[in-house]
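What follows is a single structure, written as structure tokens, with notes after it.
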Amino acid sequence: MRNVFDVLKERGFIQQATHEEEVRELLGKGPVTFYIGFDPTADSLHVGHFLQVVAMAHLQRAGHRPIFLLGGGTAMVGDPSGKTDMRKMLTQEEIQHNGMCFIDQTKRFLDFSEGKAILENNANWLLNLTYVPFLREIGRHFSVNRMLTAECFKSRMEKGLSFLEFNYMIMQSYDFLELYRRYGCRLQLGGDDQWSNIIAGADLVRRVEQEAAYGMTFTLLTTSEGKKMGKTESGAIWLNPEKTSPFEFFQYWRNVDDKDVEKCLSLLTFLPMDEVRRLGALEGSEINKAKEVLAYEVTKLVHGEVEADKAIEAAKALFGNGALAGSIPTTEVPRAELAEGMDILTLLTKAELIPSRGEGRRLIQQGGITLDDVKVEDPNLTLKEDSFKDGTLMIKKGKKTYHQIKLV
């Protein structure tokens, strides 16, 4: 079997490794236990997490054993990496609920049957630590001067870095040590924004246990211009269908920039690389076929084949002026609420298409709202029941967001 390190390298996952040749040799020898940590700071994984889960699946398919580490302890502190301000403090109940959501979603992608993968939660050891013994055993291995050179801390020095957050690197490093002791874990993986934390963890295992430990980071999901992918006007692209519907999810990938198609196919699907390169090489209008394959494959992985089929049918019906399928995000409005008429800003608010009435006015003034292919020009427009053709109304926000209003 081909070395999975080479597979990940070819597909564009690998950004940095502590000891590249040694990591490659380790993954080529036999089963390796590795881990990635996920702090449950929201009640759903997003597409940035998804890239890392796909990498875990590649490794598992090659015979290695993943540890999906839930950050029930680290989420109580908050990772300062990539953040300009301190994260919102969550309660233990919120963290526990979010963690269960993460686990439910991950089971779609990884095989957690006996011996195949491990689910762990760092709350199991971090929340039981006693402060002074922890400082004596672990804290003595960390140089403050060296920690302050880490990118995750440097970027926060001007605005202020709390002592609470300063502990995050030590806590994440301790996770690696604990997983080594419990499961023989020798490899930590994560997004490239975790590089400082990962090398600190590998170094701690080497110092305390005098054993080899390694770290490797994956590329972040960015556009060809270097902007983070997975964000829209309405927020993040979530894996939870109630937060981002399968249709919206499908449409996001269907509308990626031409230059990003091959990269997304390589990182977010399991299509063979020959097929990825063939699709990525399509030009002109032909590239739209590749985008459709990308959108279908990623939606199928995240939401299942049935929802992917519904999404592609809905998209074809919508853009082909056919009968609309039921996968387009829909808000039901009682007919009684239209008896006296409903202004457009209230309707947009009900559909959660605008965060405020002021934003709605600005959007309409800029020509960003269309009702059944007719651009709205008046922010004071009032809609009545006869504004709805066959009891439905299609709202288009900007170029890519569609939402159906249905009278009930």
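Residue under question is Leu268, and the condition is that it be at pLDDT 95 or above, crowded, with 19+ Cβ neighbours inside 10 Å and more than 23 Å from the chain's Cα centre (by Cα); does it hold? Show your work before the answer.
Numbers: at pLDDT 95 or above: yes; crowded, with 19+ Cβ neighbours inside 10 Å: yes; more than 23 Å from the chain's Cα centre (by Cα): no.
No, not satisfied.
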Exercise. So, of the residues in the range 132-168 that are in contact with a Ser or Thr (Cβ under 7 Å, 6 or more places away or on another chain) and under 16 Å from Ala200 (Cα atoms), which turns out to be modelled with the highest pLDDT?
Worked result: Tyr168
Problem set entry | Which listed residue is surrounded by fewer than 22 Cβ atoms within 10 Å (Cβ to Cβ), modelled with pLDDT of 95 or more and more than 28 Å from Glu307 (Cβ to Cβ), from Asp274, Asp193, Asp203 | Asp203
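Can you pull out every residue in the range 58-73 that is farther than 17 Å from Cys101 by Cβ and in contact with a helix residue (DSSP H, G or I) (Cβ under 9 Å, 6 or more places away or on another chain)?
Going through the range 58-73, the residues farther than 17 Å from Cys101 by Cβ turn out to be 58-67, 73.
Of everything in the range 58-73, those that are farther than 17 Å from Cys101 by Cβ and in contact with a helix residue (DSSP H, G or I) (Cβ under 9 Å, 6 or more places away or on another chain) turn out to be His58, Leu59, Arg61, Ala62, Gly63, His64, Arg65, Pro66, Ile67, Gly73.
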Problem set entry | Close pairs (6 angstrom Cβ cut-off, 6 or more residues apart or separate chains): closer than 20 Å to Tyr183 by Cβ in the range 45-66, modelled with pLDDT of 95 or more and among the hydroxyl-bearing types (Ser, Thr, Tyr) anywhere | Arg65/Thr33
Exercise. Would the range 380-393 turn up any residue that is surrounded by fewer than 11 Cβ atoms within 10 Å (Cβ to Cβ) and at pLDDT 85 or above?
Worked result: yes
For this session: Name every residue in the range 362-376 that is part of a helix (DSSP H, G or I) and not polar (S, T, N, Q), in order of residue number.
Result: Arg362, Leu363, Ile364
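Looking at Leu110, Leu69, Leu45, which is the one that is out of contact with any Ser or Thr (no Cβ under 9 Å at 6 or more places or on another chain), modelled with pLDDT of 95 or more and either surrounded by 20 or more Cβ atoms within 10 Å (Cβ to Cβ) or not assigned by TED's automatic domain parsing to the domain that holds Lys9 (or both)? Quick ask: steps written out before the conclusion?
Working: Leu110 fails: either surrounded by 20 or more Cβ atoms within 10 Å (Cβ to Cβ) or not assigned by TED's automatic domain parsing to the domain that holds Lys9 (or both); Leu45 fails: out of contact with any Ser or Thr (no Cβ under 9 Å at 6 or more places or on another chain).
Residue meeting the stated conditions: Leu69.
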Exercise. Conditions: (1) modelled with pLDDT of 85 or more; (2) in contact with a Phe, Trp or Tyr (Cβ under 6 Å, 6 or more places away or on another chain). Ile344 meets all but one. Number of the miss?
Worked result: (2)
Exercise. List pairs: first in the range 1-22 and under 24 Å from Glu211 (Cβ atoms), second in a helix (DSSP H, G or I) and among the aromatic types (Phe, Trp, Tyr), Cβ under 6 Å, 6+ apart or cross-chain?
Worked result: Gln16/Trp195
Seminar exercise, completed: Of the conditions (1) within 26 Å of Glu165 (Cβ to Cβ); (2) surrounded by fewer than 20 Cβ atoms within 10 Å (Cβ to Cβ); (3) in contact (Cβ under 8 Å) with a residue 60 or more places away in the chain, the single one that His97 does not satisfy is (3)
Exercise. Which is more than 30 Å from Leu348 (Cβ to Cβ) and outside the structural domain of Arg108 (by TED's automatic domain parsing), of Ser224, Ser162, Ser245?
Worked result: Ser224
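The values are calculated or read from the model by the stated rules, or taken from the named source; none is laboratory data. In this text, all values refer to a predicted model and were calculated from it rather than measured experimentally. Here Cβ is always computed from backbone atoms with ideal geometry, including for glycine, and neighbour counts include all displayed protein chains.
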